[in-house]
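A.B. asks: Mind having a look at this structure? Questions to follow.
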Amino acid sequence: MRNSITAFAKQEIAGHELAKRSLLSDILTDIKNLTECSSCEALLEVLKVLAHLGNNDFVKVIVEVCQTLGVEDNDVCSGAIGLEGPILAHALRQMTIGTKTSTLFCLTVFGLCQWPDVDTSYSPSMTTKPSTLRPASSGKTPIKVVHISDIHVDLNYTIGASWNCTKNICCRSYTTADEPGNNATPAGAYGNVHCDTPLSLEESMYAAIESLVPERQFTIFTGDVVEGAVWMVTDVEVSNDLNNAYARMRALGKTYAVAGNHDACPVNSFPPADIDTTISTQWAYDAMSANWETWIGNTAAAEVSSNYGSYSVVDSSGLRIVSINTNFWYKQNFWMYEKNWESDPSGMFAWLVSQLEQAEAAGERVWILGHMPMGASDTFHDASYYFDLIIQRFDATIAAVFYGHTHKDEFEISYSDYTHQDFSTATMMSYIAPALTPTSGNPTFRVYDVDPVTFGVLDMTVYYADITSDTYQTNPTWEILYSVKDTYGSLLGVTDIATELTPAFWHNVTALFEKNDTVFQEYIGRKTRDYDTSTCTGSCKMAEICQLRAAQSQYNCAIIKPGINFKRDTTTGVVVAGECDGSRAIPILSSMANVTGVQALRDALVMILGSSILNITVPSNYTVNGTTI
């Protein structure tokens, strides 16, 4: 190992004219307190060298740091870094320190850099926008569409296991103390807010949908089948989860689905087409294709496999459904942190434009389905900007956009002019569905009343099961929580069932929130389906309304703070970032962003690689063509 380190150091330095050279030990000493972007980039130099020593050494060192600092339980440390570490190491090997890519990496992992400016020099290639306007409502009898999301079914959920464990997802027999009969906090039959969805709850929701909405035209599912114990998943387990869940979902009849960020292994692993790696998500796309074929047909199912989980199909009603894999633009998809930033990974924007141009030429109306909302603070700003350019171009063709991921009952508005956000500039609605999983509130599904000609949303009714009810654990009762027309339409004079919930209407809802704090606080309660009773005032309220008016993520008012941590926080109902638990590696790496963390990194390097590792000379700026995973 010592000889290989020396050889590595010589190879890295050879051929470079360097104005400054620093030893690893010097850099570690200089990083006193990681509070600035420049400090983060110094830390990246260390991590980059470690990544070049190979995936195994990278994983060993970061696991040791995690376990030393007690960031997570030991098994979570080893499991999360074992799965995500090779992807992180790959990104670091390819990365050039001091570029936009490294800035975004520091922003995502350590919260130490702010968002760089959006690159407006690129834009998706599109035909000229015609003068066509959004069609007026037809006045015909509405059809009904069900929207479910983030079911996160845990096939290892154990009745009687402790819901008060040390991990982010409980109700499993992780240890003897967690097992049924050995704990004072036993899980009930239908779930708990500290746990993902038991099979019984999933089946209860399907039965409720069949009973309450038997006349539905179809169902949309905006992703995330797999539970949140992401440090334990394998390709086989994720495939099994997908196959099991979609087999049960067939009880709903025709369903249009999307790829969730949890529906891969490791979590969030969606490499673009030109990434040179042996880690692939193709098996997941193939599993989705096979499971969705009964709903979308052979041609669209084949497209799922060949087009990274995305497809386009026309429903029997005449509506075109475009399901797009938004996970490419999720900032926790570490495959995106490559040497050269990709404006259009896997050609997804070009493909979306082609589908919309075909729909426009055919006079079709379109629903776009995705998992992660493109205005959320989880979304790369550049990608969100490019996506919104497409939305603005085709705003007369697209009836609405539908997402999940945040686990909250919310929405986003697109504007033609974000410097003048008004009902007159509101152009598109994104409907963000709450989750089935109880981890962020009461289990929920939505029902839309939809114009059968324009496919505009005329009303939205939210159904929920009250997890605090005395009868919940024996027989959950699914009932109406609220409808938009009854709740907001009645206050704005919009109650006719034939009237669309236009982007202008939704902007006026946000204006109502500004003026009427009682209505706004009720909205905050509905985000968790009346589970969380927290209030949101002052800067919290401003940030919430800002988020609702930001289908472009650069306008969502989210604040990047040092020491960012992605552990679930159930103490507040207000989160402007994505709520869905993603990478467990991020809180592990972010633990290094202080003196204690840097010291733990130094100690781990010496313990695992020997003290000679600290004598490696590190260029201040260098780029190396790293080996592939």
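Any read-out appearing in this document is the output of simple, stated calculations on the displayed coordinates, not a laboratory observation. Keep in mind the model is a prediction, meaning the values are calculated, not measured. Cβ coordinates were reconstructed from backbone atoms using ideal geometry, including for glycine residues, and neighbour counts include every protein chain displayed.
A.B. asks: Can you work out the Karplus-derived ³J(HN,Hα) for every residue in region 332-337? Use 6.51 cos²θ - 1.76 cosθ + 1.60 with θ = phi - 60°, whole Hz, and x for glycine or proline.
C.D. replies: Result, ordered by residue: 8, 7, 5, 5, 6, 8 Hz.
A.B. asks: Is region 404-521 rounded, prolate or oblate when judged by the Cα gyration tensor, a ≥ b ≥ c being the square roots of its eigenvalues, rounded requiring a/c under 1.5 and prolate requiring a/b larger than b/c? Spell out each step's value before the answer.
C.D. replies: Values: a/c = 1.94, a/b = 1.73, b/c = 1.12.
Judged from the Cα gyration tensor, region 404-521 comes out prolate (a/c at least 1.5, a/b above b/c).
A.B. asks: Pick out, from Ala551, Cys170, Met460, the residue whose Cα sits farthest towards the positive end of the charge dipole of the chain, with +1 on the Cβ of Lys and Arg and -1 on the Cβ of Asp and Glu.
C.D. replies: Positive-end residue among those listed: Ala551.
A.B. asks: Rounded to the nearest 10 degrees, what's the angle between the helix 348-362 long axis and the longest principal axis of the chain, both from Cα atoms, 0 to 90?
C.D. replies: Once rounded, the angle reads 20 degrees.
A.B. asks: Give the residue from Leu369, Ala89, Met126 lying farthest towards the positive end of the charge dipole for the chain; charges sit on Cβ (+1 for Lys and Arg, -1 for Asp and Glu) and the dipole is referred to the Cα centre.
C.D. replies: Ala89
A.B. asks: Run the dipole for region 142-220 about the Cα centre, Lys and Arg Cβ at +1, Asp and Glu Cβ at -1, nothing else charged, and hand back the magnitude in debye, nearest 20. Numbers along the way, then the final one.
C.D. replies: Numbers: 4 positive and 9 negative charges, 24 e Å.
So the magnitude is around 120 debye.
A.B. asks: Can I ask one more? Which of the three applies to region 271-409, rounded, prolate or oblate, going by the alpha-carbon gyration tensor with a ≥ b ≥ c and a/c under 1.5 meaning rounded?
C.D. replies: Values: a/c = 1.65, a/b = 1.20, b/c = 1.37.
Verdict is oblate for region 271-409.
A.B. asks: Counting Lys and Arg as +1 and Asp and Glu as -1, each charge on the Cβ, what is the dipole of region 284-431 about the Cα centre in debye, to the nearest 20? Provide the component values of the computation, followed by the final result.
C.D. replies: Details: 6 positive and 19 negative charges, 29 e Å.
Result for region 284-431 is approximately 140 debye, rounded to the nearest 20.
A.B. asks: How high is the relative contact order of the chain? Use alpha-carbon pairs under 8 Å, at least six apart in sequence, and give a whole percent.
C.D. replies: Once normalised by length, the contact order is 22 percent.
A.B. asks: Given Cβ point charges of +1 (Lys, Arg) and -1 (Asp, Glu) and nothing else, what value in debye, to the nearest 20, does the dipole of the chain about its Cα centre take? Walk me through the numbers on the way to the answer.
C.D. replies: Values: 38 positive and 70 negative charges, 169 e Å.
Here the chain has a charge dipole of around 820 debye.
A.B. asks: Among the aspartates and glutamates, select those whose C-alpha is under 15 Å from the C-alpha of Lys254, and discard any that sit fewer than 8 residues away in the same chain.
C.D. replies: Qualifying aspartates and glutamates at Cα under 15 Å: Glu210, Glu215, Glu293, Asp315.
A.B. asks: A further question follows. Could you tell me how many degrees, from 0 to 90 and to the nearest 10, lie between the Cα long axis of helix 282-306 and the main elongation axis, the longest principal axis, of the Cα atoms of the chain?
C.D. replies: Taking the Cα atoms of the chain, the angle to 282-306 is about 10 degrees.
A.B. asks: Can I ask one more? Can you give the helix-only mean residue ellipticity at 222 nm for the chain, where every DSSP H stretch with n ≥ 4 adds -39500 (n - 2.57) and the sum goes over all residues, rounded to the nearest 500 deg cm²/dmol? If you can, show how the numbers build up before the last one.
C.D. replies: Working: 16 runs with 219 residues, N = 629.
Helix contribution divided over all residues of the chain: -11000 deg cm²/dmol.
A.B. asks: What is the antiparallel percent of DSSP beta bridges lying wholly in the chain, to the nearest 5?
C.D. replies: Numbers: 32 of 52 bridges.
Restricted to the chain, the bridges split so that about 60 percent are antiparallel.
A.B. asks: Which of Asp449, Asp196, Asp154, Asp75 comes first, and how do the rest follow, when ranked by fewest Cβ neighbours within 10 Å? Let's see the in-between values first.
C.D. replies: Working: Asp449 21, Asp196 32, Asp154 25, Asp75 14.
Arranged by neighbour count, lowest to highest, Asp449, Asp196, Asp154, Asp75 become Asp75, Asp449, Asp154, Asp196.
A.B. asks: If you don't mind, there's one more thing I want to ask. For a test of the definition: using alpha carbon positions, the gyration tensor, and the 1.5 limit on a/c, classify region 53-212 as rounded, prolate or oblate.
C.D. replies: Oblate shape, in that a/c is at least 1.5 and b/c is the bigger or equal ratio.
A.B. asks: Return one number: the angle in degrees, 0 to 90 and rounded to the nearest 10, between the long axis of the Cα atoms of helix 381-393 and the longest principal axis of the Cα atoms of the chain.
C.D. replies: 30 degrees
A.B. asks: Whole-Hz Karplus ³J(HN,Hα) for region 202-208, in order, using 6.51 cos²θ - 1.76 cosθ + 1.60 and θ = phi - 60°, x for Gly and Pro?
C.D. replies: 4, 5, 5, 5, 4, 5, 5
A.B. asks: Relative contact order for region 302-356: what is it in percent, counting Cα pairs under 8 Å that are at least 6 residues apart? Before the final figure, lay out each step's value.
C.D. replies: Numbers: 37 pairs, mean separation 13.5, N = 55.
It rounds to 25 percent for region 302-356.
A.B. asks: Could you tell me the relative contact order of region 114-244? Use alpha-carbon pairs under 8 Å, at least six residues apart, and round to a whole percent.
C.D. replies: Numbers: 170 pairs, mean separation 38.0, N = 131.
Rounded, it is 29 percent for region 114-244.
A.B. asks: Another question about this same structure. Which log10 I(q)/I(0) values does the chain give at q = 0.07, 0.09 Å⁻¹ under the Debye formula, counting every alpha carbon as one identical point scatterer?
C.D. replies: -0.43, -0.72
A.B. asks: In what sequence, highest mean first, do 302-314, 368-380 appear when ranked by Cβ atoms within 10 angstrom?
C.D. replies: Numbers: 302-314: 21.4, 368-380: 27.4.
In decreasing order of mean packing, 302-314, 368-380 become 368-380, 302-314.
A.B. asks: Toward the positive end of the charge dipole of the chain, about the Cα centre and with charges on Cβ (Lys, Arg +1; Asp, Glu -1), which of Asn183, Gly54, His507 goes farthest?
C.D. replies: Gly54
A.B. asks: Taking amide H positions as placed in the peptide plane 1.01 Å from N, state which residues far from Arg549 in sequence (5 or more) or on other chains have amide H under 5 Å from it.
C.D. replies: Result for Arg549 returns Ile413.
A.B. asks: Now for a separate question. Cα centroids of region 102-129 and region 353-406: how far apart, whole angstrom?
C.D. replies: 18 Å
A.B. asks: In whole Hz and in residue order, list the ³J(HN,Hα) couplings for region 471-480 that follow from phi through the Karplus curve 6.51 cos²θ - 1.76 cosθ + 1.60, θ = phi - 60°; x for Gly and Pro.
C.D. replies: Working through the residues one at a time gives 9, 4, 6, 10, 6, x, 9, 9, 9, 6 Hz.
A.B. asks: Hey, another quick one. With N set to the residue count of region 526-565, report its C-alpha Rg divided by 2.2 N^0.38 Å to two decimal places.
C.D. replies: Numbers: Rg = 12.1 Å, N = 40, 2.2 N^0.38 = 8.9 Å.
Here the answer is 1.36, to two decimals.
A.B. asks: Per the Cauchy relation, a quarter of the hull surface: what is the mean projected area of the convex hull of the alpha carbons in region 144-186, in nm²? Write out the running numbers ahead of the final one.
C.D. replies: On the way: hull surface 15.7 nm².
Average projection, Cα convex hull of region 144-186: 3.9 nm².
A.B. asks: Run down the lysines and flag those whose C-alpha is under 21 Å from the C-alpha of Lys167, throwing out any fewer than 8 positions away in its chain.
C.D. replies: Those lysines meeting the cut-off are Lys567.
A.B. asks: Determine the alpha carbon to alpha carbon distance for each of Lys408/Lys485; Lys331/Lys408; Lys527/Lys561; Lys100/Lys408 and list only those over 22 Å.
C.D. replies: Lys527/Lys561; Lys100/Lys408
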